[in-house]
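Okay, structure first, notes after.
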Amino acid sequence: GSLTMALAYAVFPLLQGFPAFVLLYLLTGLGQYTALTTSSALVLDSSPPGAAAQTFAGLRIWGSLGFVVMMTLGWAAPRIFTTALLFKITPLVFLAAALSVLALPEPLLERDSTTYMRRALPWEGLALLKEPGIPVLLVVVFLLHGTLQGASSSLVLWMNSLNAGQRIVHLAFMV
């Protein structure tokens, strides 16, 4: 997912035309949610038994803190977030995220005489689509995230139409 995001943001400035941007935006969405799902799975895999929620909450706070720090930085020094600079830095950040996963140790699965859990292959997850409620859940999640992304984009456009400066936009997202 992170490699997909790195590639997409590296190519973004080179594209022209609405269909190309729609395709690339779809690709970034797939990469983003793949990376988020994978990071959640990594947290669950590395959590001690019975402590998955506590481990996830303890690690998830760093994403929120990172968002607030970036919005604060955008408010304090808006020139850092010029379009040209963002399209140079963002692919490197996603590439670093992708490479950092290689440093994570793979949790060992214990084999005993009664139970053995093997790692599932990615395409085996498609069998979940046959489970009751899963397709509906996926549609709801898709609509929810699409709505949130659309609302975020619309908020920036609306604030720009009111002649709000970059600092105000960053403060709005921080709230």
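The selection criterion, being farther than 24 Å from VAL141 by Cβ, in contact (Cβ under 8 Å) with a residue 24 or more places away in the chain and loosely packed, with under 15 Cβ neighbours inside 10 Å, holds for PRO13. Pull up the range 33-60, narrow it to residues that are closer than 20 Å to LEU144 by Cβ and either in contact with a Leu (Cβ under 8 Å, 6 or more places away or on another chain) or of a type outside the set (Gly, Ala, Ser) (or both), then point me to the one that is surrounded by the fewest Cβ atoms within 10 Å (Cβ to Cβ). That would be THR37. Taking residues in the range 126-145 that are within 17 Å of THR34 (Cα to Cα) and touching a residue at least 12 places away in the same chain (Cβ under 8 Å), and partners anywhere that are in a helix (DSSP H, G or I) and not aromatic (Phe, Trp, Tyr), not one pair has Cβ atoms closer than 6 Å while being at least 6 places apart or on different chains. For the range 17-52, what are the residues that are over 19 Å from the mean Cα position of the chain (by Cα), in a helix (DSSP H, G or I) and aliphatic (A, V, I, L, M)? Matches in the range 17-52: ALA20, ALA52.
The set of residues in the range 1-22 that are at pLDDT below 90 and β-branched (Val, Ile, Thr) contains only VAL22.
Of the residues that make up the range 100-108, is at least one open to solvent by 60 Å² or more (accessible area, probe 1.4 Å), in a helix (DSSP H, G or I) and at pLDDT 80 or above? Yes: the range 100-108 contains one or more residues that are open to solvent by 60 Å² or more (accessible area, probe 1.4 Å), in a helix (DSSP H, G or I) and at pLDDT 80 or above.
Within the option set ALA151, ALA164, being farther than 15 Å from MET71 by Cα and part of a loop (DSSP other than H, G, I, E, B) holds for one residue only, ALA164.
Residue-wise test of (1) at pLDDT below 80; (2) not small (Gly, Ala, Ser).
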residue: THR114; (1), (2): yes, yes
residue: ALA127; (1), (2): no, no
residue: LEU137; (1), (2): no, yes
residue: PHE142; (1), (2): no, yes
residue: ASN163; (1), (2): no, yes
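The values are calculated or read from the model by the stated rules, or taken from the named source; none is laboratory data. Nothing here was measured: the structure is a model prediction, and the numbers come from that model. So basically every Cβ, Gly included, is an ideal-geometry build from the backbone, and we count neighbours across all protein chains shown. Note: accessible area is taken over every heavy atom of the protein model, side chains too, but ligands, DNA and RNA are not part of it. Shrake-Rupley method; radii C 1.70, N 1.55, O 1.52, S 1.80 Å.
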